[in-house]
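Visitor: Pasting a structure below so you can have a look.
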Amino acid sequence: MRINLDCVRVVMLTIENNLGIEKYMQLPDLMEYSLVQSFSKKDVEYSLHQLTKEKLIECEIERYMDGSFSYVIEAVTPSGHKLCDEFRNDTLWSKIKPHLEDVSSVAGLISSLASVVSAFVS
């Protein structure tokens, strides 16, 4: 499956903006936000898997015998907050996103973002 960069951005910013201290969020909670609803559940779940794998969020993922998953999002990591800083500005995002079209993973996104952002901010 290919990563949806806009979905990753919306999921990260939504989690950061709405997850409180000593609180958690599950997938149904996340899917209630209108911006998140603009993406398929499959894209949101894939984003959560990738963000967890890259340690940008703390999320417990459990796979059930029927193949479905449960997600308990507990926190945004310091690296996740740094990524959100890059994502936050809509104008900057619209400028840099076309330069990220070949990115196929969150790891690739992280490594590509730094160089692309610095080119536009300089």
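We did not get these values from a lab; they are worked out from the coordinates using the rules stated. Keep in mind that what you see is a predicted model, and the values were worked out from it rather than measured. Note that each Cβ is placed from the backbone with ideal geometry, even for glycine, and that neighbours are counted across all protein chains shown.
Visitor: Could I have the simple spin-label model distance between Arg2 and Ser79, label points 7 Å from Cα toward Cβ, reported in nm to one decimal?
Guide: 2.5 nm
Visitor: Would you mind giving the average projected area, over all directions, of the Cα convex hull of the chain in nm² with one decimal?
Guide: 7.6 nm²
Visitor: Averaged across orientations, what area in nm² does the convex hull of the alpha carbons in segment 1-60 project?
Guide: About 3.9 nm², averaged over all directions.
Visitor: If you don't mind, another one. What area, in nm² and to one decimal, does the C-alpha convex hull of segment 29-68 cast on average over all directions?
Guide: Mean projected area for segment 29-68: 3.3 nm², to one decimal.
Visitor: Looking at this model, which pairs from Lys55/Lys95; Lys23/Lys95; Lys41/Lys95; Lys53/Lys95; Lys53/Lys97 are more than 24 angstrom apart at the alpha-carbon?
Guide: Lys55/Lys95; Lys23/Lys95; Lys41/Lys95; Lys53/Lys95
Visitor: Does anything in segment 65-95 have its amide N under 14 Å from the 7 Å Cα→Cβ label point of Gln26, and if so which residues?
Guide: Once the point is set 7 Å along Cα→Cβ of Gln26, 69-74 turn out to lie under 14 Å by backbone N, inside segment 65-95.
Visitor: Near Tyr71, within a Cβ-to-Cβ distance under 15 Å, what is the net charge of the other residues, with Lys and Arg +1 and Asp and Glu -1? The partial results should precede the final answer.
Guide: Values: positive: Lys23, Lys41, Lys42, Lys53, Arg63; negative: Asp29, Glu32, Asp43, Glu45, Glu58, Glu60, Glu62, Glu74.
Net of charged neighbours comes to -3.
Visitor: Follow-up. What is the distance in Å between the Cα centres of segment 71-106 and segment 1-49?
Guide: Centre-to-centre distance over Cα atoms comes out at 12 Å.
Visitor: Mind checking segment 3-88 for trypsin sites (Lys or Arg not before Pro) that DSSP puts in a loop (not H, G, I, E or B) and that have at most 16 other Cβ atoms within 10 Å? Write down the numbers at each step before the final one.
Guide: Numbers: sites: Arg9, Lys23, Lys41, Lys42, Lys53, Lys55, Arg63, Lys82, Arg88; in loops: Lys23, Lys55, Arg88.
Here the trypsin sites (Lys or Arg not before Pro) that fit, given the DSSP loop and packing criteria, are Lys23, Lys55, Arg88.
Visitor: With unit charges on the beta carbons (Lys and Arg positive, Asp and Glu negative) and the dipole taken about the Cα centre of the chain, which residue among Ser112, Phe39, Met65 sits farthest to the positive side?
Guide: My answer, from the dipole projection, is Ser112.
Visitor: Also, quick follow-up: What spacing in nm lies between the two simple spin-label points modelled at Thr91 and Glu60, each 7 Å away from Cα in the Cβ direction?
Guide: Result: 4.3 nm between the two label points.
Visitor: Report the charge-dipole magnitude of segment 39-122 in Debye, nearest 20, computed about the Cα centre from +1 at each Lys and Arg Cβ and -1 at each Asp and Glu Cβ.
Guide: Charge dipole, segment 39-122, about its Cα centre: 220 debye, nearest 20.
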